[in-house]
Each structure stands twice: as C-alpha cells, then as structure tokens.
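The values are calculated or read from the model by the stated rules, or taken from the named source; none is laboratory data. Just so you know, these numbers come straight off a predicted model, no measurement behind them. Backbone-built Cβ (ideal geometry, glycine too); neighbour counts: all protein chains shown. The area values use the complete protein model at the heavy-atom level, side chains included, leaving out ligands, DNA and RNA. Shrake-Rupley method; radii C 1.70, N 1.55, O 1.52, S 1.80 Å.
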Amino acid sequence: MKARHVICLIVAGIAVLLLILWVARARLAAELARQYFQSHGIAASVAIDRLGLSGVSGRFALGPASGPTVSAEKIELRFDPLQLVPRVVEVRLVHPEIRAEIAADGAVSLPGLQDWIASLGKSRGQSRFVSPDLAVSLSGLRAFLQSPYGRLELDGDLTLRRNLPVTAAFTVKPAAMSYRDMRVRVREARLSFDNAAGQLTLRFAGDLDSPDIAARDVGADLTAVGFGWDFAKGQIAVKATSLQLHVVSGSALMGVAVQSPTLDLVAHNLALSGTSGNWQGQADFRLGAGTDFAPDAIKFPALGDAALTRAVAANAKHLDLSLNGHVADRGGEIALSLSEPATLQGAAGGLLQVSQMAVQGKADGWAGSAKAKLAGKGLPDVALSLPEFHWSEGAFKGRAALNARFGYAMLRRAALSVTGDLKSEDGNWRFDPASCATLSLAAFHAGASDMVKNVKARACPA
C-alpha cells in the first residue's frame with residue numbers, strides 16, 4: 001500500500017473519531033451534569049440537544065420525577081462570542097415550572113434544592129463563566145407557591161437582567177388565601193411590568209372577609225407611570241412619577257352596611273426606600289372616596305329636634321371624602337399635612353371642612369394641629385380649632401376653641417363661644433374651660449310663646 005493511502009486512511013480515521021467525539025460530547029455533558037446534581041443529593045434529568053461554540057440547548061428537571069421542583073421543556077445558554085473561555089451572557093427557558101414554598105416571614109425556598117442553593121450563595125465573587133449582565137428569560141412560566149396562607153399558581157412570562165425584573169406579565173389562578181383573621185378569595189389577579197417603559201399595572205377581583213370588614217365584589221386597579229425599582233446591598237428603592245389606585249366594591253360591612261363604596265388615590269413623585277426594618281419615603285397625594293348608605297343602615301339616636309334628625313339622616317345617605325396633601329415616612333415616623341382643605345360632604349349639602357391639619361408621630365403616639373368647620377341646611381354651624389393636640393396610648397389631650405351657632409328644640413338662634421382643654425381617657429371625654437364661655441340666645445321658646453328673649457350670659461370656671 002502506498003504511503004499516501006496510509007496517510008489518507010489515518011487522516012480519515014482521525015476525522016471520524018473527532019466527529020464521534022463532537023456528537024458524543026452532548027451526551028457526555030448531560031452525564032456530567034447528572035453526576036454533579038447527584039453529588040448534591042438532587043435527582044436530575046438532563047438532556048443536551050445542542051452543544052456548540054455559540055451556546056447550549058437542552059431540557060432538564062430537578063427534583064422528584066413525580067413533581068420536579070424546577071424543570072423546563074427547553075433551556076438555551078448563549079455564550080459571549082468575544083471570549084475564548086465559554087461565558088454565559090443569556091439564559092432562555094421555555095415552559096419552565098417552579099414549585100416553591102413561602103414562609104410566614106416571606107422567605108422563599110425550593111424543596112429539595114435549598115442546600116445546593118445555599119452552597120452557591122457561599123461562593124464569593126462573580127463566576128468567570130457567567131456575565132455580570134446576565135439576561136434571563138422565562139417564557140410560559142408556571143409557578144406553584146405554597147405558603148401558610150394558602151396555595152397560589154402564577155402563569156406568565158418574566159425577563160431579568162442582573163437578577164432584577166425587566167419585564168413581567170403574570171396571571172393568578174382563582175384561589176382562597178387567609179392571613180390571621182383575614183380571608184381573601186381571588187377570582188382574578190394580573191400583573192404587568194415593563195422597566196424600559198416605566199409602567200406597572202395590577203388588577204384584583206375577589207372578596208375580603210375579616211372581623212372588621214367584609215367586602216363583596218371588590219375590584220382594584222393600580223397603574224404606575226415612571227415606575228422603577230432597584231435592589232443593592234440589601235436595600236430596595238422604589239420610585240414612580242405618578243401612581244393611580246381605583247377600588248370599588250359592590251357592598252361592604254365596616255361596622256355599618258354600605259353600598260357601592262369607591263376609593264381613588266393618586267400619588268405623585270413617589271419615592272420609597274429601605275429594608276424590612278427601616279423604611280423612608282414621601283409622596284404628594286390626592287384621595288377621593290364615596291359610599292351610599294342603606295336607609296336603615298345607620299340608627300340615629302333621638303337628637304331632641306326633628307329638623308336636626310332629618311338633616312343628619314338626609315346627609316348620611318351618601319358621603320364623599322376629598323383629601324389632598326403630602327405624606328412622608330422617616331424611619332417609622334410619619335408626617336402628614338394638607339395642601340388644600342379636606343372635605344366630607346353629605347347627600348343633602350352638609351359639609352365638614354378641615355381647613356388646616358398637620359400631624360406627625362409613630363404608631364404609639366401622635367401630635368399636631370387642626371381646624372375644622374361644619375355647616376349645612378338644618379345643621380349647626382360649628383368651628384373647632386385645635387392649635388395643638390397629643391394622642392398616646394388611647395389618651396387624647398389638647399387645647400380647643402369652639403364657636404357654634406344653632407337653633408333647636410326650645411333654643412332659638414343660640415351662639416356659644418368657649419376655649420379650654422379637651423381630654424379623653426378610656427373613652428371618657430372631659431372639657432375644662434380655660435376662660436369664661438359666652439352664650440347668647442335670641443329666645444327661649446318653651447311653650448306657645450317665648451318665655452325669655454335676648455339672653456346673654458357668661459359662664460366662668462370656678
């Protein structure tokens with residue numbers, strides 16, 4: 001045999017061997033992957049469909065065969081073409097399924113994989129095989145979440161970069177949840193997020209039940225524009241140029257039965273940052289709320305005057321609340337102030353107006369000041385000023401100034417002006433005049449005619 005024939009055979013043999021090794025390396029990589037997970041006590045099913053210089057594709061399942069904790073019909077890894085050593089820059093999962101558990105404190109764990117995940121977390125620094133700008137996409141994701149409050153299934157799509165969401169679109173399957181004394185029945189829930197557009201939308205429909213409130217046919221829609229968030233060094237920061245929340249319910253029981261209550265909240269320049277133990281933030285807000293009351297929903301006590309009773313009942317058929325202001329939270333201390341008068345208006349034109357209010361404090365105590373007026377047909381004209389007040393552990397105290405004009409029962413065109421100290425403890429209220437109170441009365445009509453006219457008096461503290 002000639003030498004050139006021998007050389008050709010050798011070259012051909014090497015080529016065939018290299019081709020076999022090229023084809024077999026996908027199977028070899030799958031076997032190495034299974035051995036790796038087996039060494040960590042994890043049952044794994046791994047198949048490699050393609051293994052090349054540009055990337056890897058395959059499918060996998062981690063966990064019990066009857067119900068894998070994490071699986072995907074297809075996984076694609078794309079490498080950086082400018083790197084000699086394979087470096088993953090993108091991971092794409094098609095139809096992945098995740099089964100996770102959420103503890104009472106919000107911690108998320110993956111059954112059967114937690115020890116492996118913990119070992120990954122102990123490694124220091126960024127792996128040279130993974131890009132710090134790693135992009136991850138999950139298409140057709142199904143997530144099954146088990147928690148002490150109930151079980152949820154989320155379906156949708158998610159993309160991440162640097163472990164932060166870039167886009168998300170999820171729907172929640174109908175479910176029943178409970179937290180302490182509150183029960184929530186979810187009929188519909190959706191979430192949509194686009195970081196590049198800075199938009200977030202949430203939708204909820206269902207029922208709420210608790211000892212303090214029971215609401216049926218609740219619908220809530222939230223939209224945030226200029227929305228963005230970041231997470232670094234254990235601290236989360238959230239911002240939004242504007243946020244709108246609309247809530248409506250068919251009926252609700254909040255001590256009294258109400259019909260078709262609505263709530264609209266608009267916040268501007270929202271900024272919130274902190275951790276679970278320390279938060280701070282601020283926003284300008286506009287709040288509007290309204291509700292109807294059934295004719296027999298509120299039982300009014302005898303007010304001593306038929307006209308006053310009718311006026312109060314007529315106004316209570318429907319109430320509208322309007323509140324504009326600024327709120328700030330600085331490490332648990334909240335400060336609230338009005339940017340314009342707040343109003344509570346009744347169906348018959350009765351109006352309670354808070355012209356000035358500023359409060360600040362924590363859950364165990366508040367301090368502030370306020371001014372309010374009440375007026376309307378059939379209602380007394382009342383002006384109340386609280387230059388300063390303090391509330392702590394159920395006790396209230398403050399300086400108060402009261403001016404009132406009214407005409408009910410036997411009193412005709414009465415006027416009262418008084419200042420003093422207002423106190424409340426254990427539900428018992430007490431007013432101690434600081435100076436003489438002035439009282440005027442046009443007439444005292446006890447019978448068929450006026451018994452006394454043009455009365456003026458002063459009542460002074462002892």
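Say the cut-off is 20 Å between C-alpha atoms; which of Lys173/Lys239; Lys371/Lys423; Lys317/Lys377; Lys377/Lys453 go over it?
From Lys173/Lys239; Lys371/Lys423; Lys317/Lys377; Lys377/Lys453, over 20 Å: Lys173/Lys239; Lys377/Lys453.
For Arg50 and Gln282, what does the FRET efficiency come to when R0 = 51 Å and r is the distance between their Cβ atoms, rounded to the nearest 0.05?
Efficiency for this residue pair is about 0.45.
Please work out the Cα center distance from the stretch 202-265 to the stretch 156-197, rounded to the nearest Å.
Rounded to whole Å, the Cα centres lie 14 Å apart.
How much length is gained on full extension from Asp181 to Ala457, taking 0.36 nm per residue of separation minus their Cα-Cα distance?
93.9 nm
If you average the C-alpha positions of the stretch 319-388 and of the stretch 29-69 separately, how far apart do those two centres end up, in angstrom?
62 Å
Measure off, as a whole percent, the carbon and sulfur share of the 1.4 Å-probe accessible area of the chain, all protein chains present.
The nonpolar share, carbon plus sulfur, comes to 59 percent.
Among residues other than Gly394 whose Cβ falls under 13 Å from its Cβ, what is the net charge (Lys/Arg +1, Asp/Glu -1)?
-2
Could you work out how far apart the two model spin labels at Phe231 and His246 are, taking each label as a point 7 Å from the Cα in the direction of the beta carbon, and quote it in nm?
3.1 nm
Between Asp133 and Ala197, how many nm apart are label points set 7 Å from Cα along the C-beta direction?
Spacing of the two 7 Å Cα→Cβ label points: 2.4 nm.
For Ser417 and Met254, calculate 0.36 nm times their separation in residues minus their Cα-Cα distance, and state this gained length in nm to one decimal.
Extra length from Ser417 to Met254 when fully extended: 55.1 nm.
What helices does the chain hold that run 18 Å or longer along their axis, going by alpha-carbon atoms, with a Kyte-Doolittle average of 0.5 or more, using DSSP H for the helix calls?
3-39
Computed from the coordinates I sent, P(r) over Cα pairs in 20 Å bins from 0, in percent equals one of (i) 25, 59, 16, 0; (ii) 17, 28, 23, 16, 10, 5, 1, 0; (iii) 15, 39, 24, 14, 6, 2, 1, 0. Tell me the label.
Matching the structure shown: (iii).
Taking only protein heavy atoms and a 1.4 Å probe, what accessible area per residue, in Å², does the chain have with all protein chains in place?
Value for the chain: 62 Å² per residue.
Measure off 7 Å from each Cα along the Cα-to-Cβ vector at Ala395 and Lys362, then give the distance between these two points in nanometres to one decimal.
Simple spin-label model gives 1.8 nm for this pair.
What relative contact order, as a whole-number percentage, does the chain give when Cα pairs under 8 Å and 6 or more residues apart are counted?
5 percent
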